[in-house]
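See below for the structure under consideration.
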Amino acid sequence: MRLRVHTLLFWPHLVAGLLAGLIIGVMSFTGLALAFEHQILNAADRETQQVALPALGTPRLPMDELIARVRAARPEAQPSSVTEYPEPTRAVMVSTGRTGGVYVNPYTGEVWDWGAQGWRSVLHVMEDWHRWLGAQGDNRPLGKAVTGASNAIFLFLAVTGLYLWWPRKWTWRMLRPSIWFRRGLKGKARDWNWHNVTGFWLLPVLIVLTATGMVISYKGISDLVFTLAGETPPTAGGPPPGPPVHVPVPPPGSAPLPLEALFVQARQQLPVWENITLRLSGGKAEARKEGLAASTFAIREPGGWPLFAATQVFVDPYTAQVLRKDAFADLPTGNRARRWLRFLHTGEALGLPGQFIAALGCLGALFLVWTGFCLSWRRFFPSKRALASSSDHSGA
């Protein structure tokens, strides 16, 4: 019975690996390249972010003035968020879209581009290939569909691979070739050993990476996370922003307060903070039209848990009154679970050790793709020596 099930699973496992192996290899390679993206950029850009301390007593420019300097220096760019840090020698960062941004000297208003442009360009290409196979524009949904399907196939390969690996007898002699690398092997024996050992040790990591990837790729699976938690799934994909915040209607003729006044309020919400980010409206005129929307600050504190969490602070733009403050623990269960799944996929949920484990999983996946292709090649196109050996055994 077990032999029959083994055969029924072996061929779908082999065919699925051949069909999706190349895409899985691309996703694994790019995933490995992106594993330490933030650490790479922070290290490469550290000097670019630094500013000289001015004379004692020199005040920082108001946040409104800094953003005005950015708009004047980069009229083609549209600031989308602004982030400040507590260190007096660190520049304020203004993002201008998904991948662009500038730094601003908080004392002089000088504006300059982000550094590490070479690294940013390479990592941007890696992300494009990891998520959309390098597709651009209208072709991205197709690229996402292919990567999502390949990720699902990889999950199937991981689960069926466990059954195919399972020893017939649990003896050390039968188990050892499947759980540890052996020296001196060549050809098919070496590939089989590498394939099984890599799959055995990295199976939990690969299941986590592929299962969380399914949640990211398919809205229906993402919605299931919220449904299981007894919550209504969000309209858009990904974690929802939370329930709407009601901003009291201001008296007629009232104007929003300067951003600096809102930042003053945000800085007071946590005793120690690592950075504060404010999401911006598209422009001044647009901001006036959307004046009844709360100003949303994301405040990260050092040593906070989970490591990826930030406290969301909603401030009335007319009075600077805090309307609501959402710590991670305050979020609904489905929202928290969805965020955990997002950052488990990259390993960032567990910090640097988690990123290392995720990178190791990507490296192992490359080994599995390579050895799987080699084993398939030898099965369908055996060498003359292998054919001769097979003939001798059948004759005996």
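Computed values, structure above
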quantity: Qualifying residues in the stretch 273-322 (those that are part of a loop (DSSP other than H, G, I, E, B) and of a type in the set (S, T, Y)) - the one modelled with the lowest pLDDT; calculated: S281
quantity: Residues (under 31 Å from the mean Cα position of the chain (by Cα) and farther than 19 Å from V92 by Cα) located in the stretch 251-269; calculated: Q269
quantity: Tabulated pairs, the stretch 71-95, first under 14 Å from G109 (Cα atoms), second buried (at least 17 other Cβ atoms within 10 Å of the Cβ) and small (G, A, S), C-beta under 7 angstrom, 6+ apart or interchain; calculated: M93/G101; V94/G101
quantity: Pairs, first under 17 Å from R120 (Cα atoms) and assigned by TED's automatic domain parsing to the domain that holds T210 in the stretch 24-35, second at pLDDT 95 or above and among the basic types (K, R), C-beta under 9 Å, six or more apart; calculated: T30/R131
quantity: Residue that is farthest from T212 (Cα to Cα) [pool: residues in the stretch 231-265 that are surrounded by fewer than 15 Cβ atoms within 10 Å (Cβ to Cβ) and polar (S, T, N, Q)]; calculated: S254
quantity: Identity of the residue in the stretch 146-176, in a helix (DSSP H, G or I) and among the polar types (S, T, N, Q), that ends up farthest from L22 (Cα to Cα); calculated: T160
quantity: Test: residue in the stretch 240-258 that is touching a Ser or Thr at 6+ places or on another chain (Cβ under 8 Å) and modelled with pLDDT of 95 or more; calculated: yes
quantity: Selected residue (criterion: farthest from the chain's Cα centre (by Cα)) from residues of the stretch 316-365 that are basic (K, R) and closer than 30 Å to G199 by Cβ; calculated: R338
quantity: Candidates G134, G115, G143, filtered to the one that is part of a helix (DSSP H, G or I) and either farther than 18 Å from N275 by Cβ or out of contact with any strand residue (DSSP E or B) (no Cβ under 6 Å at 6 or more places or on another chain) (or both); calculated: G143
quantity: Qualifying residue in the stretch 168-187 (condition: buried (at least 17 other Cβ atoms within 10 Å of the Cβ) and of a type outside the set (K, R)); calculated: no
quantity: Lone unmet requirement of (1) surrounded by 18 or more Cβ atoms within 10 Å (Cβ to Cβ); (2) under 26 Å from P256 (Cα atoms) for W114; calculated: (2)
quantity: Among the residues listed as A33, A20, A43, the single one being among the aliphatic types (A, V, I, L, M), part of a helix (DSSP H, G or I) and within 22 Å of N196 (Cα to Cα); calculated: A20
quantity: Residue that is within 26 Å of the chain's Cα centre (by Cα) and at pLDDT below 95, where the choices are G148, G137; calculated: G137
quantity: Any hit, the stretch 172-192, residues being of a type outside the set (V, I, T), in contact with a helix residue (DSSP H, G or I) (Cβ under 6 Å, 6 or more places away or on another chain), in the same structural domain as R342 (by TED's automatic domain parsing) and at pLDDT 95 or above; calculated: yes
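The values are calculated or read from the model by the stated rules, or taken from the named source; none is laboratory data. Everything quoted here is computed from the prediction, not taken from an experiment. With ideal geometry, Cβ positions are generated from the backbone for all residues, glycine too; neighbour counts draw on all protein chains shown.
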